[in-house]
Amino acid sequence: MFFFFGTRASKVKERKLKRTTCPYCQTQDSFVVSSFSKYFHLFWIPIIPLFKTHVAECTHCKKSYDKTQFTQQMQQSLDNENRTNPAKRPLWQGCGCLVLVAFFTVMMAISFYGVYMRSKYPDKYKIALDPRLELLNADINKLSPLIRAEDTLALVLKKCIDDDIVGGISTEDIAYFTQRDGDKLLVLLKVRDMKKIAAKHRRDLIPVIEDCLRYTNPKDSITQYFIGVEGKWNTILVKTPFDQDLGGRFADKQLLLPFYGDTPIIPEEKEKDSAPAEH
Ligand SMILES: [Zn+2]
């Protein structure tokens, strides 16, 4: 059995018991009393000092007596010793406790300081979440195999995919979403049974999408395509005019963020920008 906490004892003092007689061998002043201090430990680190125990041994007959077996004479002698030459607990027996108290004090101080600084300078300590990521996640959540009638590009794309992809995945389960912003187009697909396609072949979906969109975009009014392909659990493929992640397993969807703007929009600035636009 293995204990991580409990009590241990360490010897703190050895003293002679004066004016005593061993009840066993009748030798005078033959006792040496060893004093032990017990302490509570956690992972062998002393935390709290507990009580002391004393064991007397006759140096002549080697018989040892614990505190309950002391004669009245031995007890008196020990009491005298404790008054004149006490067995002090070593400081280290409480060090774990001090360390814990110090640790929690420091942690409290740090957290209070953090709360204070955040309340005094709320702007400086605001967690910088990129609001573009929220927009992207919202659009990913709009992915549906039932394409909205107004999402004409998604309908065209579905037709291309249904015609071009043969075997393997069930194309009727693929979800589509497109969103246009000026000359930028965001194209999102969700292929639930992507695992049926080997990772190295998954990237072949991208040229099918690109060819289809170019064919349906003869006037070249769209110049920037931001394509993201979701698997069942995560983003699998990303291709944008600036970057791509076509490993076919775990793609970084944040590469799509430039579709929503070049730099992270800070909420206040966004409010200032969007407020006049509503009029
Ligand atoms: Zn003895």
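Assorted remarks:
- Candidates Met74, Met107, Met117, ranked by Gaussian network fluctuation over the chain, Cα under 10 Å, top entry: Met74
- Computed E for Phe242/Ser221 - FRET, C-beta separation, R0 35 angstrom, nearest 0.05: 0.95
- Extended-chain gain in nm, criterion 0.36 nm per residue less alpha-carbon gap, Tyr116 and Ala102: 3.0 nm
- Accessible surface of Lys52, taken over heavy atoms with a 1.4 Å probe and every protein chain present, rounds to 80 Å².
- No Cys partner within the rule (Cβ under 4.7 Å), the chain: Cys95, Cys97
- Span-like helix ranges in the chain, DSSP H, alpha carbon extent 27 angstrom or more, Kyte mean at least 0.5: 95-120
- Carbon-plus-sulfur accessible fraction, the chain (probe radius 1.4 Å, protein heavy atoms only): 58%.
- Loop-located GluC sites (Glu not before Pro) in the range 127-194, at most 11 other Cβ atoms within 10 Å (DSSP): Glu150
- Just checking the listed ones, Arg180, Arg15, Arg148: in the Gaussian network model of the chain with Cα springs under 10 Å, the one fluctuating most is Arg15.
- When the chain is treated as a GNM with alpha-carbon contacts under 10 Å, the residue of Thr235, Thr59, Thr223 showing the greatest mean-square fluctuation is Thr59.
- Relative contact order of the range 5-96, defined on C-alpha pairs under 8 angstrom at six or more residues apart (%): 29
- Our compactness index for the range 1-118, the C-alpha radius of gyration over the empirical 2.2 N^0.38 Å, is 1.55.
- P(r) of the range 131-277 over all Cα-Cα pairs, binned every 5 Å from zero, in whole percent: 2, 9, 19, 23, 21, 13, 7, 3, 2, 1, 0
- Between Ala109 and Ser144, the distance separating the two model label sites (each 7 Å from Cα on the Cα→Cβ line) works out to 5.7 nm.
- Each label was represented as a point 7 Å from its Cα along the Cα-to-Cβ direction; for Gln254 and Asp164 these points are 3.0 nm apart.
- Ligands, DNA and RNA are left out, and with a 1.4 angstrom probe the accessible area of the chain is 64 Å² per residue.
- Computed over the chain, Kirkwood Rh from alpha-carbon pairs, angstrom: 26.5
The values are calculated or read from the model by the stated rules, or taken from the named source; none is laboratory data. A quick note: this is a predicted structure, and the numbers were derived from the prediction, not measured. Positions of Cβ are generated from backbone atoms using ideal geometry, with glycine treated the same way; all protein chains shown enter the neighbour counts. SASA here: full protein model, heavy atoms, side chains in, ligands and nucleic acids out. Shrake-Rupley method; radii C 1.70, N 1.55, O 1.52, S 1.80 Å.
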